[in-house]
Amino acid sequence: MAACLLLVMALGGQELMARLGADYRTGVGEQRAVTLSDQSIVTLNTDSAIAVRYHSDRRIVQLLRGEASFAVRPDPDRPFTVGSRGVETTALGTQFVVRADGDDVRVTVLNGSVQVTDRARPQDEVLRLSAGDQVSMKPDGAGSVVRVDAAADAAWLQHRLVFVRTPLAEVVRELARYHHGAIFVWNSALRSLPVTGIYNLSDPSQIVATLADTLPIHLVRLTDRVIIIR
């Protein structure tokens, strides 16, 4: 019980810090596009927050929580860097997405290229990513560059989610980010069921209902906001 209380307090502290330090933020299920003073465009995904710190010689955006896409206006005299959890991503004329997921930070490049550094890595170790590359940086600094379908990964920018044989547990975890409430997979045997499809983000609970029409699962709605998958 004490450990649970400490966890709740820690999560509450993180939320408070994000609220106090944010220049721009979104609520659960909300997305917001922001044009910065240099005409770079930041699109915040659900439950996200950023702080903007522009200087004469550099442009810094801190991703305090959640996920955001950055379409960067080139300026060789002022590098554009996104920081999150000790991971720094510097744009080299590009569009990219940064997601803070727990202690992990995931960077996906949509266009152009970026360089990624981590305070947990040696100072001279820099990762350079091009369009279609993705890296997940973990607290120990471990991260390898992989090729992904970047457009599908960033489909939320078009208010969609794309899954290709994705385990049901991962799908539910993703949907829960957009849902005002909670979604649980009660039967552990269902967690690995593969899900493939393109879904409209306008109503996450409707996506769950659609899954129930195509998968051997049953939904129990305790309230309008709490859904149990059995």
Compute the distance in nm between two label points, each set 7 Å from the Cα along the Cα-to-Cβ direction, one at ARG230 and one at GLN158. 3.8
Taking placed amide H atoms and a strict 5 Å upper bound, the residues 5 or more places from ASP101 or on another chain that come that close are ARG106
Figure the gain on full extension for ILE198 and ARG119 (residue separation times 0.36 nm, minus the Cα-Cα span) and round it to one decimal in nm. 24.8 nm
Enter the Cα centre distance for the pair segment 79-95 and segment 212-227, rounded to the nearest angstrom. 40
With loop defined by DSSP as not H, G, I, E or B, and exposure as at most 13 other Cβ atoms within 10 Å, which is the longest segment of the chain clear of exposed GluC sites (Glu not before Pro)? 126-230
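Mind putting a number on the dipole of the chain about its Cα centre? Charges go on the C-beta only, +1 for Lys and Arg and -1 for Asp and Glu, and I need it in Debye to the nearest 20.
It works out to roughly 280 debye.
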Label-point separation in nm, LEU215 to ARG58, each point 7 Å along Cα→Cβ: 4.4
DSSP loop (so not H, G, I, E, B), at most 13 other Cβ within 10 Å: list which trypsin sites (Lys or Arg not before Pro) in segment 79-131 pass both filters. ARG119
Mind sorting out which of [x] 55, 30, 13; [y] 57, 19, 13; [z] 32, 20, 18 is the real semi-axes √(5λ) of the Cα gyration tensor in Å computed from the coordinates? [z]
Between HIS180 and VAL28, what is the label-to-label distance in nm when each label sits 7 Å out along the Cα-to-Cβ direction? 0.9
Using a/c under 1.5 as the rounded threshold, could you call segment 12-106 rounded, prolate or oblate? The axes a ≥ b ≥ c are square roots of the C-alpha gyration tensor eigenvalues, and prolate needs a/b larger than b/c, oblate otherwise. prolate
Debye, to nearest 20: dipole size of segment 159-229, +1 on Lys, Arg Cβ, -1 on Asp, Glu Cβ: 140
Karplus couplings for segment 209-216 from phi (6.51 cos²θ - 1.76 cosθ + 1.60, θ = phi - 60°), rounded to Hz, Gly and Pro as x? 4, 5, 4, 5, 7, 10, 10, x
With a cut-off of at most 14 other beta carbons within 10 Å, and DSSP calling the residue loop, which trypsin sites (Lys or Arg not before Pro) in segment 41-73 qualify? Please list them. ARG58
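Determine, for ILE50, ILE228, ILE198, the number of other Cβ atoms within 10 Å of each Cβ, and report the residues in order from fewest to most.
Placing the least packed residue first, the sequence is ILE198, ILE228, ILE50.
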Gyration tensor (Cα) of segment 97-190, equivalent ellipsoid semi-axes in angstrom: 28, 17, 12
Taking only DSSP H segments of four or more residues, each worth -39500 (n - 2.57), what value at 222 nm results for the chain once the sum is divided by all its residues, to the nearest 500 deg cm²/dmol? -6000 deg cm²/dmol
Computed over segment 63-113, the relative contact order (Cα-Cα under 8 Å, seq sep at least six) in percent reads 37
When ASP77, ASP203 are arranged by how many other beta-carbons sit within 10 Å of their Cβ, fewest first, they go ASP77, ASP203
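FYI, it's all coordinate maths here, none of it is from the lab. All values reported here derive from a predicted model rather than from experimental measurement. Cβ atoms come from the backbone with ideal geometry, glycine included; neighbour counts cover every protein chain shown.
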